[in-house]
Amino acid sequence: MSVEPKVERETLRVHFARLWDSDLAWNFRNSPLAVVSATVLLVIAFTSIFAGVLMPQNPFDIMQLFLDKANLPPVWSEGGAMPYVLGTDMQGRDVLSAIVYGSRISLVIGVASVAVSMTIGVLVGLLAGYIGGALDNFLMRLADAVMSIPTLLVAILVSAIFRGLLPVEYRDTFAPLILVLALSLTSWVVYARMVRAVTMVEARKEYVMAARIINVPRRRIILKHILPNVMTPALVTGTLNLGLAILAEATLSFLGVGMPSAQPSLGTLIRLGNQYFFSGTWWIVLFPALQLTLIILAVNLLGDWLRDALNPKLK
Amino acid sequence: MLLLVLKRLANAVVVLLFVALLAFTIFKFLGDPVQLMLNPQATQEERDALTQRLGLNDPVPVQFVKFVANAVQGDFGMSYRNQLPVMGVIAERFPATFELVMVSSIAALLIGLPLGVFAAINGGSFMVRVAHIISMIGVSVPAFVIGILLILAFSIELQVLPAFGRGEVVDLGFWTTGLLTSSGRYALIMPAISLALFQISFIMRLVTSEMLEVLRTDFIRFARARGLRARAIYFRHGLRNCLMPVVTITGMLIGDLIAFALVTEIVFQWPGMGFLFVQSVQYVDIPVMAAYLMIVCCIFILINLITDLIYVVVDPRMGATAIGGSNVR
């Protein structure tokens, strides 16, 4: 019994060494842009996960907001005061805390919508590519139709429709769910097309033929044999689309059809700050905008690197 | 060729019907038009009369057919918000959006093309990488963030450009334009830049990669061997060969841009269609929402259709794949 953990640690070390030695890891270590953007993302993820411990204030807790501390500028300009490093907004909300809590909402919605749309897209792509025929035709025409409406419009409409269907008192509670749905319903198409193409290539390969000859059920072939082979391109597409998803969420919230002001994401914070910045309180809008840009840029750079690193043509 | 055109047209019609169905569904399930149009004190008789007049007692498929028939004639009903015909309200806003999108597309081409060529010619992998990073930043900064930064810098700090509105416009009867007055032109600068930045990055990246590909081909090497001057090689032989995809993709981007302009229009309070749409979403003004959706999709599909067909005319090799229904993107 006492030997087991040691063995486990040993295999872990082997696994790690293998990972460290792999092409991908080597490529990563030698790409400064990838290392920097991964670090930035890790820091942002870490601060937003432990926001409750790290931040001076919980911006959702009205008891912690003081109106006499409203509209304070950042500490380095005249009139700023600790602990409000980046100043406060019109309700006395600490801008830094609001940004970190807002990043959490933005990241969660972005990741969730990528996960949902990837699941839908991969399933549709597998079915269309493997089964083919009328099903393929129907699914792909549907994808064409979705593609021929500008994404932003669909997202706004879906969001508006669901908000209209829900009674007012539930709107804020379900806002994150509505957003994930609105973003997923438009972006699954990218995955579906890509997975379909890969599936059609895989389905003609010998291992699939062999599996069919020995009568492996169709569901098992799709899920156990083809799915693992489409996951790599799907995950790369997912990373590249995460930036778009975060951007789309921010845009919807900025337009006022996304997260409500009681639960602000970065986009909501920018919208709220934008209403006031002619009165000179630039910090309320500038810092969330910078954070949002930083997140999207880091995700995009990382996705770009991953695509190039996994592209055999460039090696 | 004719077959291809017909097939494309049929596809476009199917997609438009799909969009119409979507617009109709919004109509049908989002709010009760009778309740929204009448005041709360209306009697039951008045309600029934309006329901009858709006054709809401007909079976749903009949309503849909009527909706499409009216839409084809440009009749989208009355706006709930101000009781004006929807088509007129949108037509009034169209020139503002159109001018914004056109000016920023032309600017994007004029800036993006030379930058892309420059990055490709000054080959060194260093320039390409710098160009790549710059375009990455251009793609990553949200349009509304650029708009806000521009307003902060040029309207609040320097106070040289107006932060909102369209300036003075000249009414030509069927069209209003801000391009003829200096205040109109000044007002256009920042919205156009913030809308164009994404396109600039996109075009620049596209031109760079296309150019690098073309410059690797044999006929360029042959042109070099003939002793042609570098400028002739790059612009007469190189750029020409990568212009086609650039132009078509820019064309397709214009469709996206008309929809995407709504974000810019909100930031700069630009009185275009997008601004109207976001307002109507907030007021649940469904006829305007539905009409905007239909019109933007029409433009979008039309542009895609035209660019697809141009592609086939210019490059016959595309015909074969285009018939298969694959999208150029």
Where labels lie 7 Å past Cα in the beta-carbon direction, separation of A:PHE60 and A:LEU290 in nm: 2.6 nm
So for chain A, averaging the separation of alpha carbon pairs under 8 Å that are six or more residues apart and normalising by length, what relative contact order in percent results? 22 percent
Under a crude label model (7 Å from the Cα following the beta-carbon direction), how far is B:LYS28 from B:THR217 in nanometres? 5.1 nm
Enter the buried accessible area of the B/A pair, total of both sides, probe 1.4 Å, in Å² rounded to the nearest 100. 3600 Å²
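What full-extension length gain, to one decimal in nm, is calculated for A:TYR170 and A:TYR276 as 0.36 nm per residue of separation minus the Cα-Cα distance? Don't skip to the end; give the middle numbers.
Details: separation 106, 0.36 × 106 = 38.16 nm, distance 2.78 nm.
Result: 35.4 nm gained on full extension.
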For helix B:286-314, report the angle its Cα long axis makes with the longest principal axis of the Cα atoms of chain B; keep it between 0 and 90° and round to the nearest 10°. 30 degrees
Solvent-accessible area of A:VAL53 with every protein chain in place, 1.4 Å probe, in Å² to the nearest 10: 120 Å²
Placing +1 on each Lys and Arg Cβ and -1 on each Asp and Glu Cβ in chain A, then taking the dipole about the Cα centre, the residue among A:ALA211, A:LEU96, A:PHE50 whose Cα reaches farthest towards the positive end is A:ALA211
Using alpha-carbon positions, the gyration tensor of chain B gives root eigenvalues a ≥ b ≥ c; with a/c under 1.5 called rounded, otherwise prolate if a/b exceeds b/c, else oblate, the class is oblate
List the aspartates and glutamates whose Cα lies under 14 Å from the Cα of A:LYS205, skipping any in the same chain that are fewer than 8 positions away. none
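Using a 1.4 angstrom probe on the protein heavy atoms only, line up B:LYS66, A:LYS224 by accessible area, largest first.
Details: B:LYS66 105, A:LYS224 125 Å².
Largest to smallest exposure gives the sequence A:LYS224, B:LYS66.
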Along Cα→Cβ, 7 Å out, is where each label goes; now give me the distance between the ones at A:ARG141 and A:ARG218 in nm to one decimal. 2.0 nm
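Sort A:TRP20, A:TRP282 by heavy-atom solvent-accessible area, probe 1.4 angstrom, most to least.
Details: A:TRP20 130, A:TRP282 80 Å².
Sorted descending by solvent-accessible area, the residues read A:TRP20, A:TRP282.
Given the Cα-Cα distance of B:GLN269 and B:ARG224 and 0.36 nm per residue of separation, how much length would full extension add, in nm? Intermediate results must be reported in sequence, preceding the final value.
On the way: separation 45, 0.36 × 45 = 16.20 nm, distance 5.24 nm.
Between B:GLN269 and B:ARG224, full extension yields an extra 11.0 nm.
Rounded to the nearest 500, what is the protein assembly as shown's calculated 222 nm mean residue ellipticity when only DSSP H runs of at least 4 contribute -39500 (n - 2.57) each, over all residues?
Numbers: 25 runs with 456 residues, N = 644.
Helix contribution divided over all residues of the protein assembly as shown: -24000 deg cm²/dmol.
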Gaussian network model of chain B, Cα within-10 Å springs - most flexible of B:GLY165, B:GLY184, B:GLY227: B:GLY227
Cα shape, the protein assembly as shown, gyration tensor, a/c 1.5 rule: rounded
I need the shape label for the stretch A:159-233. Rule: rounded when a/c is under 1.5, else prolate if a/b > b/c, else oblate, with a, b, c from the alpha carbon gyration tensor. prolate
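Could you report chain A's accessible area per residue, 1.4 Å probe, as an integer in Å²? Numbers along the way, then the final one.
Details: 15870 Å² over 315 residues.
For chain A, the per-residue accessible area is 50 Å².
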How about A:LYS224: which aspartates and glutamates have a C-alpha closer than 14 Å to its C-alpha, ignoring those fewer than 8 places off in the same chain? A:GLU202
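The values are calculated or read from the model by the stated rules, or taken from the named source; none is laboratory data. This is a predicted model, so every value here is computed, not measured. Using ideal geometry, Cβ is built from the backbone for each residue, glycine included, and neighbour counts are taken over all protein chains shown. Each accessible area value is taken on the protein alone, full model and side chains, heavy atoms only, with ligands, DNA and RNA left out. Shrake-Rupley method; radii C 1.70, N 1.55, O 1.52, S 1.80 Å.
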